[in-house]
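Structure record follows, encoded as structure tokens.
The values are calculated or read from the model by the stated rules, or taken from the named source; none is laboratory data. Predicted model only: the values in this text are computed from it and were never measured. Here Cβ is always computed from backbone atoms with ideal geometry, including for glycine, and neighbour counts include all displayed protein chains. The area values use the complete protein model at the heavy-atom level, side chains included, leaving out ligands, DNA and RNA. Shrake-Rupley method; radii C 1.70, N 1.55, O 1.52, S 1.80 Å.
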Amino acid sequence: DSGVTQTPKHLITATGQRVTLRCSPRSGDLSVYWYQQSLDQGLQFLIQYYNGEERAKGNILERFSAQQFPDLHSELNLSSLELGDSALYFCASSLERESGIDTQYFGPGTRLTVL
Amino acid sequence: AQKITQTQPGMFVQEKEAVTLDCTYDTSDPSYGLFWYKQPSSGEMIFLIYQGSYDQQNATEGRYSLNFQKARKSANLVISASQLGDSAMYFCAMREPLSGGYQKVTFGTGTKLQVIP
């Protein structure tokens, strides 16, 4: 168990709908990363939050948004869902010290199926 | 250019044998970290081992060791005494510190390892 929790584990929805994925980082970790893993595109970095603020953006679509709350949990919102959004969505957390390199620990993932 | 390259899309190994999964990386920063993750068919990403760029010795964690060759920019994962439960996808990743305390992370495309009984 990595200490990172994600809910729900599975999500099945229809095209055009909106869903929210939730992540709680490991105790003490300030940074949360979101990734999308699909069969054809591998592991894609979406966005990173650090202590409540957006730190970096990757290949995140405009239909997707995220936020990190004061208690450091994070939510990834996916709207106007398309079939191609079906994927495994991971949250990862790390301490993110000013100096040094920190290990990133992954949650179990949320498997999203868009029908 | 690819920052992390895993050239073996798939590999087979006999149970109880050792196997090496290749990873090469590209960075101009002297400070970086290299990681290996395992993703079994159940989907979770499991952290296996970490090697810092300044570490003098190769990292080891149980049956996992990282063959770090800095001049060649390679960080191969060695799994000794393979077990059936080692069958999984393995990802190599690199973290580099950027300005402002941000650590950028890059993942390779993965190697699918199958252990044969």
Q: List every residue pair whose Cβ atoms sit under 9 Å apart, with the two residues 6 or more apart in sequence or on different chains, where the first one lies in region A:1-13 and is under 9 Å from A:Leu112 (Cα atoms) and the second, anywhere, is small (Gly, Ala, Ser) and surrounded by 16 or more Cβ atoms within 10 Å (Cβ to Cβ).
A: A:Lys9/A:Gly109
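Residues of region B:55-93 being outside any loop (DSSP other than H, G, I, E, B), of a type in the set (Ser, Thr, Tyr) and within 13 Å of B:Thr20 (Cα to Cα), which ones?
Result: B:Tyr64, B:Ser65, B:Ser74, B:Tyr90.
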Q) Taking A:Ser79, is it within 14 Å of another protein chain (Cβ to nearest Cβ), in contact with a strand residue (DSSP E or B) (Cβ under 9 Å, 6 or more places away or on another chain) and surrounded by 15 or more Cβ atoms within 10 Å (Cβ to Cβ)? A) no
Q: Would you be able to say whether some residue in region B:96-110 is more than 26 Å from A:Pro108 (Cα to Cα), touching a Lys or Arg at 6+ places or on another chain (Cβ under 9 Å), open to solvent by 20 Å² or more (accessible area, probe 1.4 Å) and in a loop (DSSP other than H, G, I, E, B)?
A: yes
Q) Which is over 18 Å from A:Gly42 (Cβ atoms) and among the charged types (D, E, K, R), of B:Asp22, B:Asp55, B:Asp26? A) B:Asp55
(Q) Just to be sure I understand, how many residues within region B:1-53 are in a loop (DSSP other than H, G, I, E, B), aliphatic (A, V, I, L, M) and either more than 15 Å from the chain's Cα centre (by Cα) or surrounded by fewer than 20 Cβ atoms within 10 Å (Cβ to Cβ) (or both)? (A) 2
Q | Filtered residues of region B:66-88 (kept if surrounded by fewer than 19 Cβ atoms within 10 Å (Cβ to Cβ) and either within 10 Å of another protein chain (Cβ to nearest Cβ) or more than 12 Å from the chain's Cα centre (by Cα) (or both)) | A | B:Gln69, B:Lys70, B:Ala71, B:Arg72, B:Lys73, B:Ser80, B:Ala81, B:Gln83, B:Leu84, B:Gly85, B:Ser87
Q) For region A:22-77, which residues satisfy the criterion of being touching a residue at least 24 places away in the same chain (Cβ under 8 Å), in contact with a Pro (Cβ under 7 Å, 6 or more places away or on another chain) and farther than 23 Å from B:Gly43 by Cβ? A) A:Leu72
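Test A:Asp1 against the stated conditions and say whether it is closer than 21 Å to B:Ile46 by Cα, open to solvent by 70 Å² or more (accessible area, probe 1.4 Å) and modelled with pLDDT under 95. Break it down stepwise before answering.
On the way: closer than 21 Å to B:Ile46 by Cα: yes; open to solvent by 70 Å² or more (accessible area, probe 1.4 Å): yes; modelled with pLDDT under 95: yes.
Answer is yes for this residue.
Within region A:7-61, track down each residue that is of a type in the set (D, E, K, R) and modelled with pLDDT under 95.
Those that are of a type in the set (D, E, K, R) and modelled with pLDDT under 95: A:Asp29, A:Asp40, A:Glu53, A:Glu54, A:Arg55, A:Lys57.
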Q) Restricting the search to region B:89-105, which residues are within 8 Å of chain A (Cβ to nearest Cβ) and either under 14 Å from the mean Cα position of the chain (by Cα) or of a type in the set (A, V, I, L, M) (or both)? A) B:Phe91, B:Ala93, B:Arg95, B:Val105
Q. Limited to region A:4-48, what total is found for residues that are among the β-branched types (Val, Ile, Thr) and open to solvent by less than 40 Å² (accessible area, probe 1.4 Å)?
A. 5
(Q) Condition first: among the basic types (Lys, Arg) and exposed (fewer than 13 other Cβ atoms within 10 Å of the Cβ). Now tell me which residues in region A:49-76 satisfy that. (A) A:Lys57
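Of all residues in region A:82-95, which are surrounded by fewer than 21 Cβ atoms within 10 Å (Cβ to Cβ), within 13 Å of chain B (Cβ to nearest Cβ) and either touching a strand residue (DSSP E or B) at 6+ places or on another chain (Cβ under 6 Å) or more than 24 Å from A:Asp1 (Cβ to Cβ) (or both)?
Keep residues of region A:82-95 that are surrounded by fewer than 21 Cβ atoms within 10 Å (Cβ to Cβ), which gives A:82-84, A:86, A:88, A:95.
Next, only the ones that are within 13 Å of chain B (Cβ to nearest Cβ) stay: A:88, A:95.
Of everything in region A:82-95, just one residue is surrounded by fewer than 21 Cβ atoms within 10 Å (Cβ to Cβ), within 13 Å of chain B (Cβ to nearest Cβ) and either touching a strand residue (DSSP E or B) at 6+ places or on another chain (Cβ under 6 Å) or more than 24 Å from A:Asp1 (Cβ to Cβ) (or both), namely A:Leu88.
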